[in-house]
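The values are calculated or read from the model by the stated rules, or taken from the named source; none is laboratory data. Please read these numbers as outputs of a predicted model, since none were measured by experiment. Here Cβ is always computed from backbone atoms with ideal geometry, including for glycine, and neighbour counts include all displayed protein chains. Remember, those area values only see protein heavy atoms, side chains included, never the ligands or the DNA or RNA. Shrake-Rupley method; radii C 1.70, N 1.55, O 1.52, S 1.80 Å.
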Amino acid sequence: LNQTYPNVEYIIIDGGSTDGTLDIIKKYEDKIDYWVSEPDEGIYDAMNKGIVVALGDFYTFLGSDDLLVNNWIKETFRFLLSSSVANKAYIYGNIIFQVGGREIPYRYKLVKKNELLKEFVIPHSGSIISAKLFRSGGLYEKKYKIIGDHAWVVKVHDLIHLVYIDFFQCKMKLGGTSNNPKTVKKILDELKIMEKEHSIRINLSFKLKKYLALIASYLGAYEKLQVVWWLMRTIRR
């Protein structure tokens with residue numbers, strides 16, 4: 001770590017896009033430390049490729065349309081410079097969800113890591129994660145196509161130290177892979193695999209929400225349900 005400001009390494013892992021993404025990458029190639037465009041086996045395979053080539057002490061993962069909020073890195077860096085648990089830290093904050101032309105600011109909270117064995121109640125995109133956790137606990141498992149971040153946290157939960165900083169870390173659109181009506185059934189299937197593999201039980205309430213989302217998707221009301229759900233959660237907080 002640089003004592004004044006961290007050196008940021010920019011890594012782009014593209015799955016062989018043919019939509020003009022490569023033109024954008026090449027336009028900013030002088031600012032990118034490493035990039036590759038080739039077929040992969042899913043989101044977590046792509047993330048693993050980035051982890052393998054990364055040289056830094058901490059990682060943050062962003063989807064192609066996620067936006068890191070200004071100063072989030074600075075906020076976490078202040079903590080890391082004075083922390084004795086930096087080498088096992090998973091640092092997260094809050095998310096601004098974008099849906100239907102509006103922004104819904106949602107604040108998370110500090111949770112006990114054992115809660116992660118019942119439900120994934122922390123954000124992944126934009127969070128700052130110690131590289132040593134991956135070296136000690138292993139990479140994301142490619143067999144999980146949607147809940148690989150949750151499965152990884154369950155796998156390393158004995159090693160991890162959760163840190164919550166009440167600050168917005170990124171903006172992301174609802175409707176990504178884990179918030180898509182087309183993947184709800186796949187999420188439920190992967191949850192069963194994770195429960196069996198790690199001998200855990202995910203909260204029934206979480207599963208019921210996914211089933212409700214599946215029904216809403218069949219009725220064409222999935223996005224409206226998402227907006228109402230996140231607004232209710234925001235109001236309750």
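At a glance:
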item	result
All positions within segment 102-146 that are assigned to a helix (DSSP H, G or I), of a type outside the set (D, E, K, R) and in contact with a Lys or Arg (Cβ under 9 Å, 6 or more places away or on another chain)	LEU117, LEU133, SER136, GLY137
Where a residue in segment 75-99 is open to solvent by 20 Å² or more (accessible area, probe 1.4 Å) and its partner, wherever it lies, is aromatic (Phe, Trp, Tyr), with Cβ under 6 Å and at least six apart	GLU75/PHE167; ILE96/PHE168
Of the criteria (1) under 20 Å from ILE202 (Cα atoms); (2) not in a helix (DSSP H, G or I), which one TRP152 fails	(2)
Close pairs (6 angstrom Cβ cut-off, 6 or more residues apart or separate chains): of a type in the set (D, E, K, R) in segment 121-148, outside any helix (DSSP H, G or I) and open to solvent by 40 Å² or more (accessible area, probe 1.4 Å) anywhere	LYS142/GLU41
Pair list, Cβ < 7 Å and 6+ apart or interchain, from segment 206-219 residues that are closer than 17 Å to ILE147 by Cα to residues that are open to solvent by less than 30 Å² (accessible area, probe 1.4 Å) and outside any helix (DSSP H, G or I)	PHE206/GLU119
Scan of segment 53-70 for residues that are open to solvent by 40 Å² or more (accessible area, probe 1.4 Å), in contact (Cβ under 8 Å) with a residue 12 or more places away in the chain and of a type outside the set (Asp, Glu), ordered by number	VAL53, LEU55, PHE58, THR60, LEU62, SER64, LEU67, LEU68
Spans of strands (runs of 3 or more DSSP E) in segment 1-101 with at least 1 residues within 18 Å of the chain's Cα centre (by Cα)	11-14, 89-99
Counted residues, segment 94-147 - those being farther than 21 Å from ILE193 by Cβ and of a type in the set (A, V, I, L, M)	10
Out of ASP57, ASP65, ASP14, ASP45, sole residue that is farther than 23 Å from LEU81 by Cβ, at pLDDT below 95 and acidic (Asp, Glu)	ASP65
Residue in segment 108-125 that is under 20 Å from THR60 (Cα atoms) and of a type in the set (Asp, Glu) present	no
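Okay, residues lined up against (1) at pLDDT 80 or above; (2) open to solvent by 20 Å² or more (accessible area, probe 1.4 Å); (3) closer than 25 Å to ALA89 by Cβ:
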| residue | (1), (2), (3) |
| --- | --- |
| VAL163 | yes, no, yes |
| GLY175 | no, yes, no |
| PRO181 | no, yes, no |
| LYS186 | yes, yes, no |
| LEU191 | yes, no, no |
